[in-house]
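To keep things clear, I will list the structure first and then write my remarks on it.
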Amino acid sequence: ERTVQRIAAGEVVERPASVVKELVENSLDAGASRVAVSVNSGGTEGIRVRDDGVGIPSDQLEAAVAEHATSKIGDIEDLNRGVGTLGFRGEALYTVGAVSRLTVRSRPPDAEAGAEITVEGGDVGEVRPAGCPAGTTVEVDDLFYNTPAREKFLKRTATEFDHVNTVVTGYALANPDVAVSLEHDGRETFATEGNGDLRSAVLAVYGREVAESMIDVDWTPEDGGVDRDGSTGAPAGDPAVERVTGLVSHPETARSTRDYLATYVNGRYVTASALREATLDAYGGQLAPDRYPFAVLFVEVPAGDVDVNVHPRKLEVRFDEEPAVRSAVEAAVEDALLDHGL
Ligand code: ADP
Ligand code: MG
């Protein structure tokens, strides 16, 4: 039965990046002001996420890694935040523990001593005392050991790291008030300051040239549409989009990939082609052929208007009013570019 469990979990845990996503989300849920992610060989050889959040009291460590530990999916609000997208909700640590060697070490800030627990291929060990700073460290080794998923990762560490980087970057940009860092094979990839400033987070992640080229976006339906290319902006009545904020790059600061178009809906990182296309459309003919800008865009829509469960493990969303969302995002970006004479 354990093997069946392990194979099932191996299919649910798609790749190292999906584990990193869950661990970072837990750290943010724990109110961390620092989240340090460190992976080896793209995460296939080891993942460690350390935070300074509320911690886990030693008498709750076992429950934290158990099946149906703390299913906290209660309402649509949670769904919209995308809580627990890995496997069954509220079972991320349990699922990861079934396909790896998982160690959770933690100390709540007011506790004198810390404690740790290890799960190996689903076998839960004893809670032991452990010296550690306030907060939680989760270590995942031998991910997918003994599962079919493992073979897929043997030669693909660069690809896996790209996925890890995308996930951690996504959270770093969405949470500029949290100091997020990423390390790969002992070398720092980036570290944000956590000072609350989005431009500063962009500087840490994408570098100075990109940060300096960034243009502020801040749009509400009252700003209306702009008609450079005849787009009408937001329709009258209840707005499909309540606000769009963020940063987009000058058209000359562009790359040959769409990977740097980060979009968030109601605070949740999503991949929505409608949002990407709307952003690109806003640039009109200003981008060189096959060049794409940098963008970090936070789109706020009424909670009931977005379906985040197109696929439980993916980041896709579907909008009830996609054309209206598109034209609002296009208007927001166009507005920002026009403000800069672009
Ligand atoms: P969920 O997050 O959906 O509750 P998880 O399996 O991801 O399920 O985590 C189980 C529980 O372990 C959490 O509800 C939380 O109580 C605790 N936990 C996990 N990671 C952390 C962390 N970094 N800091 C504090 N508590 C944590
Ligand atoms: Mg979780």
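We did not get these values from a lab; they are worked out from the coordinates using the rules stated. Everything quoted here is computed from the prediction, not taken from an experiment. Cβ sites come from the backbone with ideal geometry, for glycine too, and all protein chains shown count toward neighbours.
Structure notes:
- Annotation: the residues L198, L23, sorted from fewest to most other C-beta atoms within 10 Å of their own C-beta, follow the order L198, L23.
- Taken over the range 90-198, the ratio of Cα radius of gyration to 2.2 N^0.38 Å equals 1.25.
- Computed from the C-beta positions of E112 and D177, the FRET efficiency with R₀ = 41 Å rounds to 0.90.
- Where labels lie 7 Å past Cα in the beta-carbon direction, separation of E242 and T271 in nm: 2.8 nm
- Computed from the Cβ-Cβ distance with R0 of 35 Å, the FRET efficiency linking E322 to R208 stands at 0.45.
- Each label point was placed 7 Å from the Cα along the Cα-to-Cβ direction; for D185 and Y145 their separation is 2.2 nm.
- Whole-number D in µm²/s for the range 151-290 (Stokes-Einstein; Kirkwood sum over Cα pairs; 10 °C, 1.306 mPa s): 94 µm²/s
- Contour excess over end-to-end distance, with Cα ends at S256 and A303 and 0.36 nm allotted per residue: 13.5 nm
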